[in-house]
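Working notes, beginning with the structure itself.
The values are calculated or read from the model by the stated rules, or taken from the named source; none is laboratory data. Small disclaimer: the values here were computed from a predicted structure and weren't measured. Cβ sites come from the backbone with ideal geometry, for glycine too, and all protein chains shown count toward neighbours.
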Amino acid sequence: MSALLFEIGTEEIPAGYIKPALETMASDLIKSMDDVRIEHGDYKVYATPRRLGIIVDNVSAKQKPLVTELIGPPASVGFDEKGKPTIAAEKFAEKAGIKTDKIKTVNTAKGAYLAAKITEKGGLSVNIFKKILPDLIYKIPFPKSMRWSDMNIEFARPIQSLTAMLGGEKIPFSIEGRIDSDRYIYGHFFMKPQKIKLADAKDYPDALKSAYVMADMNDRKKLVLKSIQKEAKSVGGKIIEDEELLDIVTNLVEMPFPVVGSFDKKFLTLPDEILITSMREHQKYFAVVDEKGKLMPHFIAVNNTKAKNMKLVANGHERVIRARLEDAIFFYNADLNIKNETRIQKLKKVLFQAKLGSMYEKTERVKQIAEFLSDTLKINSDSKKSLLKAAQLCKSDLVSNVVGEFPKLQGIMGRVYAKVSKEKALAANAIEEHYMPIYSGGKLPKSKVGAILAIADKIDSISGVFAAGLIPTGASDPYSLRRQGIGILQIILDKKFSFSLKKLIAESLSKYKGGPELDTKEQTLEKIYAFLIVRMENILIEKGLSKDVVYAVTSAASDDILAVFNRTKALEDFKLKPDFSSFVETFKRVANIIKKANSDKIPSEVDKSLFEKKAEADLFDAYNKTFAKTDKNFKAGNYSKGLAEISLLKPNIDFLFDKVMVMTDKKGLKLNRLALLKSIAVLFERVGDFSKLEKFHNQNINRGNVHYHKK
């Protein structure tokens, strides 16, 4: 058993390309090894801007032998009466590559047949890796690839070296006859670029470390963090936590050499977000704050090379950031001279979507939807005023100079400019919050006003794009509708908003005067509704709720998202009760009887004068008492208590089935009994479709990407 080393040395790969490339490289290599029966242990990946590497431990020197059984002709034709092999047996032995005395007989479902065990000896792993490793290079995906020289291979950046070893043995192969694998690696491009000869694959990390390359990304990240914290401490500050920037910087250097720099205090008059973004986005500098969290006139830059005079390096960074901040302060001051109302008018020339009009038109729609939601949720008048003002201004910063330079500041600058123009804090903050969540798992709006505005903005985008016939597919979602749909649902649950989802969709669709292009508005509404319910189901399942319970609830009624969550949670808890299975069986029996009958002909009311048996009267009385209690609990959102009340009907239902023939030949009597059972079915369907529970326990059902819930 030896270690396998494979490294692709390149020119500098963009930081964002490295991690996905490594994941694919590792998974493909391990799969290939498993497919060709090369036994191995654990693996570890290594990467810097100039290399992608992997070491696999305990790799076998040979393939594992493959033993297969070949079935031949029936035994009856394989040997003659004297037990000698026939021509059929000889031909079979020849095909199997064995002697006739090695033929065995096996019993199959069709009878006795000739059989032979064939052992395929394992080849040398080195020889197999000669084929596997070159193929691996071609399979690594990148957002953008390039060709160089006159070669046909495409890669993120030109490949400069290939290192492939199994233990102390080189694995020889070539790419297009131009780039040969070897046992050499290269150190830091500037500080120690010489060839380093490896005696064994396992020496790789230490050999690189001695050449100023820390190839282990996790170790390098820890060192980056430790060193920038040390630099910040040297000026009495600390780093603003930024995990994303830390990851980027880690993949920009092979060994970190940070320096602390300074800038003119006049730039501290800029909003913090502009300063931080200016340093972060263009230069990948870390901002520094004091103990109170206030920005200091310092930054930390992480270099890939250690200079003799690091102070000169810091001065170079300071000149660069000074120019950036001068631009930023110019843009900001220019924006302050423009009124918000002027920016709103400029939105008429900013396209939202070719078929859906301008950003100005979108703003008008969002404002109307926000007003509809504010009335539905009955927020107070002051909050409503702030909401409508925020809706009017929510997209105005898109035409500002600062957002033009730093697109990530959209919403943030809207909040800043609103505060500068003396708008209420509630309205200003809602402008920033309406973009939330910005990414999956991101922060949700804190204020109710911001939450309502966020829902209004997102449902307008979803409705418009669906109406334009641009529905997301499995592979394509260019308008991020899935993320926006999930955002709506997460906000509803977080803020405990209770309203009709279908009414919200209908209100949003009504704002598009031209109407949908491909469907009627009713059809579009159903598609959007189904789209959101699938997102809701996924959210509930990710929260740890059982699939069968989730689907049982959403199949019954899904229009109120908060109620869906509360019903699912209640049913999930109810499922843990010891008598749950028998409870479901009873109510399933009720549902099945009604299903087999023609439900359209079942009376809507029960006529107790038609009761023949005490069991009918007892069940009807129990139902009426239960309905009153259950209805009160359901309206209060207490589905657990409501379920508990429904479960008390089980003895009466079982007693009815024992004493009464529901499907009697007497038509009037039968319909009345069906009406009684239907009343009970409607009662428990307010929680969920209980028939789905057993179905999803016993079989895996593929629901697909889009489905409809019509009630």
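Results, tabulated for the structure shown:
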| quantity | calculated |
| --- | --- |
| Wholly enclosed strands (runs of 3 or more DSSP E) of the stretch 79-173 bearing at least 3 residues under 37 Å from the mean Cα position of the chain (by Cα), under 26 Å from Leu208 (Cβ atoms) and at pLDDT 85 or above | 159-166 |
| Residue among Lys448, Lys502 that alone is within 17 Å of Cys394 (Cα to Cα) and outside the structural domain of Ala557 (by TED's automatic domain parsing) | Lys448 |
| Residues being among the aliphatic types (A, V, I, L, M), assigned to a loop (DSSP other than H, G, I, E, B) and free of Cβ contacts under 8 Å to residues at least 40 places away in the same chain - total across the stretch 619-665 | 4 |
| Thr68 being loosely packed, with under 12 Cβ neighbours inside 10 Å and closer than 27 Å to Met1 by Cα | yes |
| Residue that is surrounded by the fewest Cβ atoms within 10 Å (Cβ to Cβ) [pool: residues in the stretch 355-390 that are outside any helix (DSSP H, G or I) and in contact (Cβ under 8 Å) with a residue 12 or more places away in the chain] | Lys355 |
| Condition check for Ile98: within 30 Å of Ala3 (Cα to Cα), touching a residue at least 12 places away in the same chain (Cβ under 8 Å), out of contact with any Gly (no Cβ under 9 Å at 6 or more places or on another chain) and surrounded by 12 or more Cβ atoms within 10 Å (Cβ to Cβ) | no |
| Positions within the stretch 279-301 being in contact with a Phe, Trp or Tyr (Cβ under 7 Å, 6 or more places away or on another chain) and either in a helix (DSSP H, G or I) or crowded, with 21+ Cβ neighbours inside 10 Å (or both), in sequence order | Met279, Glu281, Tyr285, Phe286, Ala287, Val288, Phe299, Ile300, Ala301 |
| Test: residue in the stretch 183-206 that is under 34 Å from the mean Cα position of the chain (by Cα) and within 16 Å of Arg51 (Cα to Cα) | yes |
| Within the stretch 622-648, considering residues that are small (Gly, Ala, Ser) and in contact with a helix residue (DSSP H, G or I) (Cβ under 6 Å, 6 or more places away or on another chain), the one nearest to Thr586 (Cα to Cα) | Ser647 |
| Among (1) touching a Phe, Trp or Tyr at 6+ places or on another chain (Cβ under 6 Å); (2) more than 30 Å from Lys62 (Cβ to Cβ) - the single one Ser181 does not satisfy | (2) |
| Those residues of the stretch 455-478 which are surrounded by fewer than 19 Cβ atoms within 10 Å (Cβ to Cβ), of a type in the set (Ser, Thr, Tyr) and under 19 Å from Ile533 (Cβ atoms), in sequence order | Thr473 |
